[in-house]
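For reference, the structure discussed in these notes is given below.
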Amino acid sequence: MSDPATVLHDALLTELQREKVVLLHTIDAESGLPTSNAISWAHAMDARTIRFALDQRSRLVGNLQQNAVATMTGFAEGSVHIISGKVNQVAESLEDVPFKLACFDLSVETVRDGMFYGARISAEPEYEKTYDQRAAEKLDHQVFTAMKKA
């Protein structure tokens, strides 16, 4: 296996600039154990920064405030990409969004291929929104616009 990179390569950067599901791994503030959650409000600002939004009531916000490191797992190009780094809260609440979302930046320190040898992802994880499609699209547009401004 090759050494980890310190920035997102071009294809991964492009993939993380569109809406897709990623896994966010933090250290639980109460138990001290690793925890994982799926999120979709994540956007690569550039090759060194991934910005993401979380409901202020989410346990993840407290986890990141107590231990400002995280790993994000993304799926692209037939592989699993493990992105780790320090996290900085850039906004306590995003403007022009109908509910309170905290906004964070993950400063990319390492990027490595996490796929086991001799295999590739043949179908990336997909999801569908289970509430009104127009409302979902409107909310996503509001959140991504506000995140980019934060």
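Does the stretch 1-36 hold any residues that are at negative phi, among the small types (Gly, Ala, Ser) and outside any helix (DSSP H, G or I), and which are they?
Those that are at negative phi, among the small types (Gly, Ala, Ser) and outside any helix (DSSP H, G or I): Ser2, Ala5, Ala29, Ser31, Ser36.
Restricted to the stretch 47-60, and to residues that are over 16 Å from Lys86 (Cβ atoms) and of a type outside the set (Gly, Ala, Ser), which residue is surrounded by the fewest Cβ atoms within 10 Å (Cβ to Cβ)?
So the residue we want is Arg57.
In this structure, is Glu109 surrounded by fewer than 18 Cβ atoms within 10 Å (Cβ to Cβ), modelled with pLDDT of 95 or more and more than 19 Å from Val21 (Cβ to Cβ)?
So Glu109 passes the test.
Which residue, of Arg112, Arg134, is part of a strand (DSSP E or B) and either touching a Gly at 6+ places or on another chain (Cβ under 6 Å) or of a type outside the set (A, V, I, L, M, F, W, C) (or both)? It would help to see each step written out before you state the result.
Details: Arg134 fails: part of a strand (DSSP E or B).
Checking each option against the conditions leaves just Arg112.
Name the pairs: first residue in the stretch 62-78 and without any contact (Cβ under 8 Å) to a residue 40 or more places away in the chain and on the phi < 0 side of the Ramachandran plot, second residue of a type in the set (Gly, Ala, Ser) and part of a loop (DSSP other than H, G, I, E, B), Cβ to Cβ under 6 Å, at least 6 apart or on different chains?
Pairs found: Gly62/Ala29; Asn63/Ala29; Gln66/Ala29.
Going through Phe116, Phe75, Phe104 one at a time, which residue ends up being touching an Asp or Glu at 6+ places or on another chain (Cβ under 7 Å) and among the aromatic types (Phe, Trp, Tyr)? Reasoning before the result, please.
Numbers: Phe116 fails: touching an Asp or Glu at 6+ places or on another chain (Cβ under 7 Å); Phe104 fails: touching an Asp or Glu at 6+ places or on another chain (Cβ under 7 Å).
Exactly one of Phe116, Phe75, Phe104 is touching an Asp or Glu at 6+ places or on another chain (Cβ under 7 Å) and among the aromatic types (Phe, Trp, Tyr), namely Phe75.
Please go through the stretch 37-52 and give me each residue that is under 13 Å from the mean Cα position of the chain (by Cα), closer than 20 Å to Leu12 by Cβ and in a strand (DSSP E or B), ordered by number.
Selection gives Ala38, Ile39, Ala42, His43, Ala44, Met45, Thr49, Ile50, Arg51, Phe52.
Quick one: would you say Leu33 is closer than 29 Å to Lys138 by Cα, of a type outside the set (Val, Ile, Thr) and modelled with pLDDT of 95 or more?
Taking the combined requirement at face value, the residue does not satisfy it.
The values are calculated or read from the model by the stated rules, or taken from the named source; none is laboratory data. Keep in mind it's a predicted model, so treat the numbers as computed, not measured. With ideal geometry, Cβ positions are generated from the backbone for all residues, glycine too; neighbour counts draw on all protein chains shown.
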